[in-house]
1. Please determine, by comparing only the residues of the range 161-199 that are of a type in the set (D, E, K, R) and over 19 Å from F234 (Cα atoms), which one is modelled with the lowest pLDDT.
2. Mind telling me which of the residues T12, T30, T40 ends up being crowded, with 19+ Cβ neighbours inside 10 Å, at pLDDT below 95 and not assigned by TED's automatic domain parsing to the domain that holds T155?
3. If you check T92 against the conditions, is it farther than 22 Å from H11 by Cβ, within 26 Å of the chain's Cα centre (by Cα) and not assigned by TED's automatic domain parsing to the domain that holds V223?
4. Please enumerate the residues belonging to the range 1-46 that are of a type in the set (A, V, I, L, M, F, W, C), more than 22 Å from V198 (Cβ to Cβ) and touching a residue at least 60 places away in the same chain (Cβ under 8 Å).
5. Considering only residues that are at pLDDT 95 or above and under 13 Å from the mean Cα position of the chain (by Cα), which ones fall in the range 206-215?
6. Out of the residues in the range 54-104 that are basic (K, R) and surrounded by fewer than 14 Cβ atoms within 10 Å (Cβ to Cβ), state the one that is farthest from P121 (Cα to Cα).
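The values are calculated or read from the model by the stated rules, or taken from the named source; none is laboratory data. Treat the numbers as computed from the prediction; the structure is a model and nothing was measured. Counting neighbours? That spans all protein chains shown, and the Cβs are built from the backbone with ideal geometry, glycine included.
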Amino acid sequence: MKDNLLDLIQHTNNLGVIDLLKIIGSDTKTNIHALAEDKTVVVNGTFKKPIADLIGTFGMPNLGTLKTIVSFDEYNDTSIITITRNKDNEPTNIHFETASKDFISDYRLMAKSMVEDKVKPVAFKGAKWDVEFEPTIDAIAKLKKQSQANSVENTFTIKSEGNDIRLYFGDPSNHSGNFVFATGCGKLSKAWSYPIKVFTSIVDLPGEKRVRFSDQGAAEVTVDSGIADYQYLFPAQQK
């Protein structure tokens, strides 16, 4: 359970814009849904193996609190992590205790009725992906450098130039930069803008990644963490 929680936190709360998740679990699958507080990214995920303890529909609020509890050294391989349920078998808490029961924490879950009101389904009918590639280590490193150099900027702009996909940062009248993110992976006829910080954080996550852009004004990054498959969807933003 601890490894699953750590993976969940790393791929959601660590991005800096997500503090609430909706979990929908059954005996056959465990799904994750979230919407960034600033609505810049939609997150969907599925654990590779269903998690028996996470059956039901409920919320994980205040993810920073869960992150703090899971990080305690006291909760190691000998500790017990269980889901507490009410009389209706609805999940209410994640209960942590050491083997000797000398250190105990409870993380409160959000009821189904509340989380369904706060994390509503986001309609995405799919898109024709005009650009698709696996980002290289070098491309990710350059993305991080341009993000750092243009830290006051909120968005980057993506454009096709010949066979290259190039990302632009800043304003030429002030500080700015650009670089080739990928080559020979499709073309865009329009220029679109996307949030720098969260996009960079996602592309920098460990695991197998795939990046897609559409002329319709959408972007997608998928990440296979080894424990779960995550999908991050971005609507284009105004520059």
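1. Step one: list which residues in the range 161-199 are of a type in the set (D, E, K, R), which gives 161, 164, 166, 171, 187, 190, 197.
After this cut, where a residue has to be over 19 Å from F234 (Cα atoms) as well, the list is 161, 164, 171.
Details: E161: 95, D164: 96, D171: 83.
Among those residues, the one meeting the criterion is D171.
2. Answer to the check: T40.
3. Values: farther than 22 Å from H11 by Cβ: yes; within 26 Å of the chain's Cα centre (by Cα): yes; not assigned by TED's automatic domain parsing to the domain that holds V223: yes.
Answer is yes for this residue.
4. Our first condition is that a residue be of a type in the set (A, V, I, L, M, F, W, C); within the range 1-46, this holds for 1, 5-6, 8-9, 15, 17-18, 20-21, 23-24, 32, 34-36, 41-43.
If we keep only those that are more than 22 Å from V198 (Cβ to Cβ) as well, we get 1, 24.
M1, the sole residue that qualifies.
5. K209, the sole residue that qualifies.
6. Filtering the range 54-104 for residues basic (K, R) gives 67, 85, 87, 101.
The next check asks that each one be surrounded by fewer than 14 Cβ atoms within 10 Å (Cβ to Cβ); those that pass are 87, 101.
Numbers: K87: 28, K101: 40 Å.
Result: K101.
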